[in-house]
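What follows is a set of notes on a single structure, which appears directly below.
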Number of protein chains: 4
Amino acid sequence: MNELPPQIQNQLAQLQQIQQQAQALLQQKSQLEMVLRETERALEELKKTGDDAVVYKAAGELLIKAKKDEVLKELEEKKDSFDVRLKSLARQEERIQARFTQLQDQLKAALGKGPSGKAAS
Amino acid sequence: MNELPPQIQNQLAQLQQIQQQAQALLQQKSQLEMVLRETERALEELKKTGDDAVVYKAAGELLIKAKKDEVLKELEEKKDSFDVRLKSLARQEERIQARFTQLQDQLKAALGKGPSGKAAS
Amino acid sequence: MNELPPQIQNQLAQLQQIQQQAQALLQQKSQLEMVLRETERALEELKKTGDDAVVYKAAGELLIKAKKDEVLKELEEKKDSFDVRLKSLARQEERIQARFTQLQDQLKAALGKGPSGKAAS
Amino acid sequence: MNELPPQIQNQLAQLQQIQQQAQALLQQKSQLEMVLRETERALEELKKTGDDAVVYKAAGELLIKAKKDEVLKELEEKKDSFDVRLKSLARQEERIQARFTQLQDQLKAALGKGPSGKAAS
């Protein structure tokens, strides 16, 4: 990379940084999607039960008896907050993707013009 | 690989792709076998209990009291669907294995005839 | 590294060793922080419940019914012991960080004086 | 390695194979030790409870109510079988360690005599 012009080196570094951000974002998203799926499954099972259902909630190494309606409310709130955070992550992803494409185009143009013979070698 | 004839390069690429498919399949299969074993173990334990057994079912962070006969039916259905999917994966595995052997034979034949001295170097 | 003076080689080896210690420490710390967070969450949930709360405690593959006040006491003791160990790890971390900075400065000074031309090449 | 005499190449290959066996054994052992510790912890907790203790046993995604004395017996049997397997693994480990030392000594002797100048280069 020593032989590339400084501007192009800079753009390559930015591209790499953005790729790392995109990867971190993807990881966060897939983790969040997993807990969302789990919450939805718990909600689904809970809704199938009668009003007198006996329900326990895990907390660390404990299981604590809980009231169905309270757990239901809690899970609904959790689900909503996960949905909000997932939408926010999706927006961030779009922005990063757009910035990536933009940088890639700039880089292609700069390399295409190729003022420095070394860049193409 | 630049020096290999295009046809052989193509076959090598196909072999690699098939190896990746085989690996992905194997991973799916071993995951499915694990959940199948867990389901079978739960069924086994459940069948040992009396009809009045007290049973809870995990759903995310919740444990919900369930009726033995309903859980039994649910687990049997799960087990059946896992069995079906495992058989389907086994068939896919066979097909991939056959395709792999076929490609390998073609490749050996092509490299054996060796029209290009470079392939053997 | 063969061309570096023995003293500098020795300092580099010490730096590497300290970095490994710092990494091992960080890992221990983040594991401990995780179990601490889990314990705090369990405590929090437990404190929300009434005195007649029904609580089970996990032990391996078992769940054993427990008395709320006993579990509460147990968790408080666990939390305290985690806090103590975390503080001890934080002190170790500081010591290692200080030693790292000291070695780094010595190394910079030694390389700056550079009696051997090879070190700078 | 092409330049080493065949006998030494063979011994090196055996050494590598034994190292792999030792590693696999170590992994098995540490997994077994983990489940043993968990079983012992469950036993310990169970023994602290009164005879009328309410106990559930995990089986896949289910928790099934169990009788204390039956669970106790089951866990004791598990613990015994883990102990037996651990002792067997320890014996295997000793045998592998002895074989490793033996091969290493043979190799050192063969390399020390060094009939081929290439081995020492």
Count of segment B:61-70 residues which are closer than 30 Å to residue C:38 by Cα and either assigned to a loop (DSSP other than H, G, I, E, B) or under 29 Å from the mean Cα position of the chain (by Cα) (or both): 1
Residue under evaluation residue B:74, criteria (1) part of a helix (DSSP H, G or I); (2) under 30 Å from residue A:60 (Cβ atoms); (3) touching a helix residue (DSSP H, G or I) at 6+ places or on another chain (Cβ under 7 Å), criterion not met: (3)
Residue C:85 away from chain D (no Cβ under 14 Å) and more than 28 Å from residue D:41 (Cβ to Cβ): no
Filtered residues of segment C:1-11 (kept if surrounded by 15 or more Cβ atoms within 10 Å (Cβ to Cβ) and either touching a strand residue (DSSP E or B) at 6+ places or on another chain (Cβ under 8 Å) or not in a loop (DSSP other than H, G, I, E, B) (or both)): C:8, C:11
Leading residue by the ranking (modelled with the lowest pLDDT) among those in segment C:19-49 that are among the basic types (Lys, Arg) and touching a helix residue (DSSP H, G or I) at 6+ places or on another chain (Cβ under 8 Å): C:47
Matching entry among A:26, A:72, A:63 (being more than 7 Å from every other protein chain (Cβ to nearest Cβ) and surrounded by 14 or more Cβ atoms within 10 Å (Cβ to Cβ)): A:72
Check on residue A:84, over 13 Å from residue B:61 (Cα atoms), hydrophobic (A, V, I, L, M, F, W, C) and surrounded by fewer than 16 Cβ atoms within 10 Å (Cβ to Cβ): yes
Per-region count, segment D:51-60, residues more than 7 Å from chain C (Cβ to nearest Cβ) and more than 30 Å from the chain's Cα centre (by Cα): 2
Residue match in segment B:38-50 (condition: part of a helix (DSSP H, G or I) and away from chain D (no Cβ under 14 Å)): no
Filter pass, residue C:33 being of a type outside the set (Phe, Trp, Tyr), closer than 27 Å to residue D:61 by Cα, more than 11 Å from chain D (Cβ to nearest Cβ) and under 27 Å from the mean Cα position of the chain (by Cα): no
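The values are calculated or read from the model by the stated rules, or taken from the named source; none is laboratory data. Computed from a predicted model, the values in this text were never measured in an experiment. Note: ideal-geometry Cβ built from the backbone for every residue, glycine included; neighbour counts use all protein chains shown.
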